[in-house]
Amino acid sequence: MGKGDKKSKRGKINIGSFGVKRRRIKKRPKTEDKIKPGKKTL
């Protein structure tokens, strides 16, 4: 249960991997992508 443990969150941070204990952060769409000049709104 430390930096060498592949299944713990601290171990995944140390190794640089992702999984159940350490999820990837989903990228949110930029505001510029949402509001485009050529796009018609309702």
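Would you mind calculating the gained length between Lys30 and Lys6 on full extension (0.36 nm times residue separation, minus the Cα-Cα distance), in nm to one decimal?
Result for the pair: 5.3 nm of gain on full extension.
Counting other C-beta atoms within 10 Å, which of Lys3, Lys12, Lys27 has the fewest, and how do the rest follow?
The most exposed by this proxy come first: Lys27, Lys3, Lys12.
How large is ³J(HN,Hα) for each residue in the range 11-27, as worked out from phi by the Karplus curve 6.51 cos²θ - 1.76 cosθ + 1.60 (θ = phi - 60°), to whole Hz, x for Gly and Pro?
x, 5, 5, 5, 6, x, 10, 10, x, 5, 6, 9, 7, 7, 7, 6, 6
Taken together, the values in this text are just the output of simple stated rules run on the coordinates, not laboratory data. Worth saying up front: this structure is predicted, and the values here are computed from it rather than measured. Virtual Cβ from ideal backbone geometry, glycine too; neighbours counted across all protein chains shown.
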